[in-house]
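Peer 1: I'd like to ask some things about the structure below.
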DNA sequence: CATATGGGGTGAAACGGTTCACTGAAGCGA
DNA sequence: TCGCTTCAGTGAACCGTTTCACCCCATATG
């Protein structure tokens, strides 16, 4: 690797006969006269100069990098979310460093702890009650997506109104005559007391539904395998806590020769683009809005110009035909 | 934001009564005795010390960061690829910085140029013939995925044998009696002379197929819209140069009340997990293998221990039922 | 016993920017 | 003309690591 040396700011300074300070200012459009600014910029372009982000980060304390810690990128909807956030950050001259907790609180903790040198953090927490968050949130502007943290004061939060989401889904199922409903929630190894479980149980009790809650992986293959077992009990409907899981259920139903919604109804959660194609009835969130909010909040927190600190997202029910009348 | 100051290496040095050099070595398991190593590690843990990656990068010249420049993250398969690469890099103690050229050569150029402070680059080039690559590949260990670069000597390449892929697809279609085939390739604004086009045209001529090649966006909605127009001409089959496009075609077919494969056959390219669920017949690549190769190659190139420089990926045809006999 | 050997550790110079405190000159009102 | 402000630009400290060139001392070697 020859690794031809890149131009440094000193060389630009030399080429223009200015100090490095002047060059630094000029390139950022600060403090200097129009004329020198152009002179410097031209010289920089000629030399092919681009500032070393590491040196810049060390000196200025800001990296232009935002950590994006996802709950589980196995889930297609979260992939879309991460990609959306990355794109949106790029539009505001930042980079998104996408990280995957893979549904594992330990991994989440390790990643969050190790992460330094970012200006801010967008987290979709796997374990919102974990105590270690406090230490992180104190050091880095942190914005949550989904559940808010329990033990830490974060800079801001984009909260999903899961209560409404669950109510929407279960009321719809109940209204169409379903009584025995299987519920599949994402696998979160070792997270004691998943909040989703409680929501579902409470709501089901209210509606007189007989639910059985189980965890399920998010990959299509594994999810389908888990779903096959569930479908053998012949629930009248399956409520999946992510569209990715619902896709697994659809796969399993197909494999078992069950028709949807004839033999079994399937309700999703999230509304990934593919759900439209598959005709999956699902609880829908405004992905674009979530992305916009999260990015605005984290950048605001990073430079101290934060307005609102809490945005609540309301879900809607997208009726498509995977849930039948019973 | 109080931003409580994080511990520096100097504080750890003070706490242990050693020099910063000793601490630096100790934390990386170099040069020091077992005993001091433990002492330092304990002290570091107590102080909650984590090295500042920027300072480390500036001093050592390596960041532990690999740029992952994707052709278009609109495409679900490329999303999977990016996520896979990110995960694989993380397993080898590196971070993947995922960037999206969004199918636009200009964007690609800008991103590639601006990118500094990474130890290596994995690129799925939008415009492999662009001349600017030479300047980049000369400065950063660069590994391509898909098409190899034309005008630049890269560190290594993972090449897709698209010739075989196209042959596989078109021969299959021809063998099942299709003659009028519409071809949809991803939109690449302004890329003159897309290699895919030539492959298809040549192969179609050989097989006596009547093809019409058109570009198409990758998002489900836009792709479906583009597909509707194509389907009005009633080709007997549509060959899509990415599964995402195929999903759009399936959507359009559904909207128009056309059955697949009854009224129209659809052939995909890539083999995204969802294609199994949708029963899409497609040209399949070994995603895991691609990820492994790319990561191994780029890390090898970054630390100079590179063995093979070129890995060729062969496709297989995954027959699922979206292509009928004509 | 004098001399190589080498493990364990130190001090200080990088790395490539940003920013603070300051200066000289020009502009301006009184 | 004088003092005051503003503008454009400078020099050097600083950011937090890594790493190079040494040094010291204990042990093995001839």
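Peer 1: Answer with yes or no whether residue A:208 is on the phi > 0 side of the Ramachandran plot and either at pLDDT 95 or above or away from chain B (no Cβ under 14 Å) (or both). Give the steps one after another, and end with the answer.
Peer 2: Details: on the phi > 0 side of the Ramachandran plot: yes; either at pLDDT 95 or above or away from chain B (no Cβ under 14 Å) (or both): yes.
Against the criterion (on the phi > 0 side of the Ramachandran plot and either at pLDDT 95 or above or away from chain B (no Cβ under 14 Å) (or both)), residue A:208 qualifies.
Peer 1: Also: Could you name every one of the helices (runs of 4 or more DSSP H) located completely within the range B:49-163 that has at least 3 residues being farther than 29 Å from residue B:283 by Cβ, modelled with pLDDT under 95 and within 13 Å of another protein chain (Cβ to nearest Cβ)?
Peer 2: Fully inside the range B:49-163 and qualifying: B:53-60, B:105-114, B:133-139.
Peer 1: Given the conditions (1) surrounded by fewer than 16 Cβ atoms within 10 Å (Cβ to Cβ); (2) within 14 Å of chain B (Cβ to nearest Cβ), report the number of the one that residue A:234 does not fulfil.
Peer 2: Only one criterion in (1) surrounded by fewer than 16 Cβ atoms within 10 Å (Cβ to Cβ); (2) within 14 Å of chain B (Cβ to nearest Cβ) is unmet by residue A:234, namely (2).
Peer 1: Hey, another quick one. Identify, please: which residue in the range A:281-309 is away from chain B (no Cβ under 12 Å) and free of Cβ contacts under 8 Å to residues at least 12 places away in the same chain and is, among those, farthest from residue A:172 (Cα to Cα)?
Peer 2: Among them, the one singled out is A:307.
Peer 1: Taking into account only those residues within the range B:38-48 that are away from chain A (no Cβ under 14 Å) and touching a helix residue (DSSP H, G or I) at 6+ places or on another chain (Cβ under 8 Å), which is farthest from DNA strand D (Cβ to nearest atom)?
Peer 2: In this case the residue turns out to be B:39.
Peer 1: Within the range B:1-37, take every residue that is at pLDDT 85 or above and within 14 Å of another protein chain (Cβ to nearest Cβ) and give me the one that is nearest to residue A:156 (Cα to Cα).
Peer 2: Across the range B:1-37, the extreme among qualifying residues is B:7.
Peer 1: Return the total of residues in the range A:257-292 being assigned to a helix (DSSP H, G or I) and surrounded by 21 or more Cβ atoms within 10 Å (Cβ to Cβ).
Peer 2: 4
Peer 1: A follow-up question, please. Condition first: more than 22 Å from residue A:295 (Cα to Cα) and surrounded by fewer than 21 Cβ atoms within 10 Å (Cβ to Cβ). Now tell me which residues in the range A:147-166 satisfy that.
Peer 2: Selection gives A:151, A:163, A:164.
Peer 1: Looking only at the range B:78-93, which residues are in contact with a helix residue (DSSP H, G or I) (Cβ under 9 Å, 6 or more places away or on another chain) and surrounded by fewer than 22 Cβ atoms within 10 Å (Cβ to Cβ)?
Peer 2: Those that are in contact with a helix residue (DSSP H, G or I) (Cβ under 9 Å, 6 or more places away or on another chain) and surrounded by fewer than 22 Cβ atoms within 10 Å (Cβ to Cβ): B:80, B:84, B:87, B:88, B:90, B:91, B:92.
Peer 1: Right, here's the next one. Going through the range A:10-23 one residue at a time, which ones are in a helix (DSSP H, G or I) and within 9 Å of DNA strand C (Cβ to nearest atom)? Break it down into steps so the answer makes sense when it comes.
Peer 2: Looking only at the range A:10-23, we keep the residues that are in a helix (DSSP H, G or I), and these are A:10-16, A:20-23.
Within the range A:10-23, A:10, A:11, A:12, A:13, A:20, A:21, A:22, A:23 meet the criteria.
Peer 1: Follow-up. If you go through the range A:24-45, how many residues are without any contact (Cβ under 8 Å) to a residue 24 or more places away in the chain, more than 7 Å from DNA strand C (Cβ to nearest atom) and in a helix (DSSP H, G or I)?
Peer 2: Selection size over the range A:24-45: 10.
The values are calculated or read from the model by the stated rules, or taken from the named source; none is laboratory data. This structure is a prediction, so every number in the text was calculated from the model and none was measured. No Cβ is skipped: glycine too gets one built from the backbone with ideal geometry, and neighbour counts run over all protein chains shown.
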